[in-house]
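Following: one structure in structure tokens, then a few remarks.
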Amino acid sequence: MDIYQIAWLIIIVIFLVVEVATAALTTVWFAIGAALAFLSSLVNAPPYLQVIIFVVSSIALLIGFFPFVKKKLGAKTYDTNVDSLVGKEAVITADIKFNVIGQASVGGVIWSATGTSEDVEIPAGEVVKIERISGNKLIVKRSKKDEAKDSELIN
């Protein structure tokens, strides 16, 4: 076994150890590329050709298979931080009026809040749904049950 074969085996092991440690499905393609380079060293390919085989095959595998495998494994994304608040309920703590920003409490934290349209007035104590977040301000709308109560009062 010559020095190039030993080097490729060490490189394969390093990439596989990194892949097992991270489970990111990125270094496995380089391990496969190193395995192909190792095979080329077994048939006495010159070192420059072994490196070309490693680089080209690794990049081709990464570009060709990574998106497909990631999609098939169903990698899920989760909302974090403030993004996780969208869709949740909040309680208005200071009235929201036309051109007046109110406040809402979510999980014990007070946020600036405004309605989804300019003509919305939402009194303190009302439960609302968080539609989106703009900067440090919640954009809220009345929950369906509160809208139903308002329509009963109008009729």
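The values are calculated or read from the model by the stated rules, or taken from the named source; none is laboratory data. As the structure is a prediction and not an experimental result, all values here were calculated from the model. All Cβ positions, glycine included, derive from the backbone under ideal geometry; neighbour counts span all protein chains shown.
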Quick check on this structure: which one of N81, N44 is closer than 30 Å to I110 by Cα and not hydroxyl-bearing (S, T, Y)? N81
Somewhere in segment 76-84, is a residue surrounded by 15 or more Cβ atoms within 10 Å (Cβ to Cβ) and of a type in the set (S, T, Y)? no
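Go through segment 47-69 and give me each residue that's among the β-branched types (V, I, T) and either more than 22 Å from the chain's Cα centre (by Cα) or closer than 16 Å to D2 by Cβ (or both). Show your work before the answer.
So the first thing to find is which residues in segment 47-69 are among the β-branched types (V, I, T), and the list is 51-53, 55-56, 59, 63, 69.
Within segment 47-69, V51, I52, I53, V55, V56, I59 qualify.
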Taking the criterion of being surrounded by 14 or more Cβ atoms within 10 Å (Cβ to Cβ) and in contact with a helix residue (DSSP H, G or I) (Cβ under 6 Å, 6 or more places away or on another chain), would at least one residue in segment 87-104 satisfy it? no
Working only within segment 1-46, note down all residues that are exposed (fewer than 15 other Cβ atoms within 10 Å of the Cβ) and under 27 Å from the mean Cα position of the chain (by Cα). V17, V20, A21, T22, A23, A24, T26
Under 9 Å between Cβ atoms, at least 6 apart or on separate chains: pull out the pairs that start in segment 136-149 with a residue that is of a type in the set (S, T, N, Q) and end on any residue that is modelled with pLDDT of 60 or more and in a helix (DSSP H, G or I). N136/V82
